[in-house]
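A.B. asks: My structure is below; once you've seen it, I'll send some questions.
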Amino acid sequence: MDEDEILGYVTAYLKKKGFKQTEKVFQEEFQQNKSNSSSNSNLEPDIANHLLAFSQLENGPARYHNGYSRLRTWTYSSLDLYRHELLRVLYPVFIHCFMDLVAKGHIQEARNFFTTFREDHEMMHLRDIQKLEGVLSPTHLKEMEFAHSLRQSKFNIKICEYSYELLLQHLHSTQSTTILGIINEHINFQVTSGQPSLISDDPEAVTLTGSSQEAANQTNQKEIHWGLLEDSLEERLEKPGALLSDTEKGDGEAKEGENDESKKRSIEVGKQGASVKKMKKDKGGSATGKIAKPEAIIVPAAPRVKSDLPLPVIPTEVEQSILEDLRNRVQLSSVALPSVSFYTFINTHNGLSCSSISHDGSLVAGGFSDSSLKVWDMAKLGQQPSSSLSQDENDTSQNEQTLGKSGGKRQYTLFQGHSGPVYATSFCPVGDFMLSSSADSTIRLWSTKLNANLVCYKGHNYPVWDVQFSPMGHYFASSSHDRTARIWSMDRIQPLRIMAGHLSDVDCVQWHANCNYIATGSSDKTVRLWDVQSGECVRVFVGHRGMVLSLSMSPDGRYMASGDEDGTIMMWDLSSGRCVTPLVGHTSCVWSLAFSSEGSILASGSADCTVKLWDVNTSTKVSRTDEKNGNTNRLRSLKTLPTKSTPVNTLRFSRRNLLFAAGALVKNA
């Protein structure tokens, strides 16, 4: 080995360690010695071999395994008080060690490293681990968007000052330059003073921010108008004069005696008026309705905005029915919880893939993996089959008269048309229509009055995971495996808008109360808010640690709740784009979320077979005052309602604040 090679190795080592001054002095002395004495220019071979071996060791794959192994051993042996904070560092270091090994071509070493340490992270990050398992070459690393986003991202980790000092001391004492470099490049520490945060604060202790974080911050600076629509039915309810005139108009065809009786009923909030279906299904609303009238009008006024979409005209009879429901609405609070009506699907043989409930609870739909869609009319459930049925020219009679094993008429209506599993259904709030989406990449519009398929909408290229009618009907939104959400109208077979921006599947979609925005939840662990008129993303919500499976908007349009596969619920302020509070309590996927009609209660349904009720007002107030302190009492769970063995698939608050829920019974093995 000649002197120039030795000079190169030593200089490279000094540069790597950051010893710039030493490097400069070394080069000067080396040049001086070389010019003064040629006899001393050759170093002994063993010194050169040591330098070469050290250089190869520093650049070899073993340094990742050894460095991570030392950090892991030290972390698990640290004091209990600080261990849960220090453990947060392991996952980012693990995935970046693995990806660095793959990027440098050490494929076998990368697989051995991955296999050795993956069990440490499978409980919290199983889906991410499964995705990274498919990375087998540097090309995969570049082509996989998830891996690319991780390499371009930084983890934000909350850690107390003492834990941070302990970590630095360990890294410097062990001279783990490789691990130290990964931490410096891919982790941002948010160091807090005082004692370590409690484990219950973990959902927001580790967040991922990409290299596009500045763009996301800039997006969240855009102005949004979260208020309610002008001249909405809720606004009319707050004006007794307007409501009275509407009532008189709606009841003009009825007798005066019936009109007076209806008014008396509304004042006493006794039996429910309006439609027969609502009278049958919302009895729970009238049961506790005695406290509704005094408080129903005293509601903080939300800002009023104009719709950016041409909205459909609501039929007079539907409008009158909605007003009657709103007037007889039960006022809920932390001391006045809703009644719950739970619909259980039995004998589904694991075939139920989705369910939905109409706004008055009179109809329940189930989508199945055999591509069928079934709708039950709750008013007819349990009745004996009638001997005479009206015959239509379409296939309605065939659908309704299908015979079961016992020879009796089935108590549901069968809708057939999809060629793949049905993943979502949605009832129109102001009409006899229903939507369904399927693995066959289509969306179908059905008439619950004619029991027939009206339209098949084609636009997505892959399975459509979710579809939702807008609060005013006519328009609907869909989300798909093709990483887009789309806006449609019932009268056009092509989408009106396409929202693209998510890095993975768009799993759920939800309309804002004023119909000007939609929210989308994705497998990329983010939630986005989109302007319906422009198709532009106006908010990016980052904080979930698992795929986002459910969304719900507060009735005043100010807050949004999102639930993920880990069981965490995040409450977001739409105007600021920030998380108001995390709600922790579920132990499995949160499949459904629903705000009560006045927005004081949030209900969540989960695969852990429970429905939880949360106090929205307390949660938002406490989190604002104690945001800087990290107060652990931000969470306010009012009640947990367990089922025997039924994962909760769907939740729906009626306009009168009766809570409907549905799920399929799972038989224990």
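A.B. asks: So, Pro61, is that one touching an Asp or Glu at 6+ places or on another chain (Cβ under 6 Å) and farther than 26 Å from Glu565 by Cβ or not?
C.D. replies: Details: touching an Asp or Glu at 6+ places or on another chain (Cβ under 6 Å): yes; farther than 26 Å from Glu565 by Cβ: yes.
Yes; evaluated as a whole, the condition is true for this residue.
A.B. asks: So, of the residues in the stretch 527-536 that are open to solvent by 20 Å² or more (accessible area, probe 1.4 Å) and assigned to a strand (DSSP E or B), which turns out to be farthest from Asp507 (Cα to Cα)?
C.D. replies: By that ranking, first place goes to Asp531.
A.B. asks: Now for a different question. Could you grab me the full set of residues in the stretch 578-593 that are open to solvent by less than 10 Å² (accessible area, probe 1.4 Å) and more than 14 Å from Gly521 (Cα to Cα)?
C.D. replies: Those that are open to solvent by less than 10 Å² (accessible area, probe 1.4 Å) and more than 14 Å from Gly521 (Cα to Cα): Thr581, Leu583.
A.B. asks: Let me ask something else about it. Just to check your reading of the model, which residue among Ser645, Ser597 is surrounded by fewer than 22 Cβ atoms within 10 Å (Cβ to Cβ), among the polar types (S, T, N, Q) and at pLDDT below 95? Talk me through it step by step, then tell me what you get.
C.D. replies: Values: Ser597 fails: surrounded by fewer than 22 Cβ atoms within 10 Å (Cβ to Cβ).
From the options Ser645, Ser597, the qualifying one is Ser645.
A.B. asks: Would a scan of the stretch 460-474 turn up a residue that is without any contact (Cβ under 8 Å) to a residue 40 or more places away in the chain, crowded, with 18+ Cβ neighbours inside 10 Å and assigned by the TED database to the domain that holds Gly521? I'd like the intermediate steps shown before the answer.
C.D. replies: We begin by selecting, within the stretch 460-474, every residue without any contact (Cβ under 8 Å) to a residue 40 or more places away in the chain; these are 460-462.
Keeping just the survivors that are crowded, with 18+ Cβ neighbours inside 10 Å gives 460.
Within this subset, residues satisfying the condition of being assigned by the TED database to the domain that holds Gly521 are 460.
Yes - at least one qualifying residue is present in the stretch 460-474.
A.B. asks: I've got another one for you. Taking the condition at pLDDT below 90, in the same structural domain as Ile601 (by the TED database) and surrounded by 21 or more Cβ atoms within 10 Å (Cβ to Cβ), does Gly366 pass? If you could, list the steps in order and put the result at the bottom.
C.D. replies: On the way: at pLDDT below 90: no; in the same structural domain as Ile601 (by the TED database): yes; surrounded by 21 or more Cβ atoms within 10 Å (Cβ to Cβ): yes.
When the stated conditions are applied, Gly366 does not pass them.
A.B. asks: Looking at (1) over 30 Å from Gln195 (Cα atoms); (2) open to solvent by 100 Å² or more (accessible area, probe 1.4 Å); (3) at pLDDT 55 or above, which one does His65 not meet, given that it meets all the others?
C.D. replies: With respect to (1) over 30 Å from Gln195 (Cα atoms); (2) open to solvent by 100 Å² or more (accessible area, probe 1.4 Å); (3) at pLDDT 55 or above, His65 is out only on (2).
A.B. asks: Can you work out which of the residues in the stretch 160-193 that are open to solvent by 40 Å² or more (accessible area, probe 1.4 Å) and of a type in the set (Gly, Ala, Ser) is farthest from Arg63 (Cα to Cα)?
C.D. replies: Taking the candidates together, the pick is Ser193.
A.B. asks: Another one. Of these, Ser426, Ser419, which one is surrounded by 16 or more Cβ atoms within 10 Å (Cβ to Cβ) and at pLDDT 90 or above?
C.D. replies: Working: Ser419 fails: surrounded by 16 or more Cβ atoms within 10 Å (Cβ to Cβ).
The unique qualifying residue is Ser426.
A.B. asks: Something else now. Collect the residues in the stretch 537-577 that are open to solvent by less than 20 Å² (accessible area, probe 1.4 Å) and aromatic (Phe, Trp, Tyr), keeping them in residue-number order.
C.D. replies: Matches in the stretch 537-577: Phe541, Trp572.
A.B. asks: Pull up the stretch 75-101, narrow it to residues that are open to solvent by 30 Å² or more (accessible area, probe 1.4 Å) and not in a helix (DSSP H, G or I), then point me to the one that is nearest to Gly60 (Cα to Cα).
C.D. replies: For the stretch 75-101, the residue satisfying everything is Ser77.
A.B. asks: What are the residues in the stretch 457-489 that are among the aliphatic types (A, V, I, L, M) and not in a strand (DSSP E or B), if any? Lay out the reasoning, then the answer.
C.D. replies: First, pick out the residues of the stretch 457-489 that are among the aliphatic types (A, V, I, L, M): 464, 467, 472, 477, 485, 487.
Matches in the stretch 457-489: Met472 only.
A.B. asks: Anything in the stretch 102-120 that is buried (at least 17 other Cβ atoms within 10 Å of the Cβ) and part of a loop (DSSP other than H, G, I, E, B)? List them, or say none.
C.D. replies: His106 - this is the single residue of the stretch 102-120 that is buried (at least 17 other Cβ atoms within 10 Å of the Cβ) and part of a loop (DSSP other than H, G, I, E, B).
The values are calculated or read from the model by the stated rules, or taken from the named source; none is laboratory data. All of these numbers come straight from a predicted model, not from anything done at the bench. Note: ideal-geometry Cβ built from the backbone for every residue, glycine included; neighbour counts use all protein chains shown. Ligands, DNA and RNA are stripped out before the accessible areas are found, and what is left, the full protein with its side chains, is counted by its heavy atoms. Shrake-Rupley method; radii C 1.70, N 1.55, O 1.52, S 1.80 Å.
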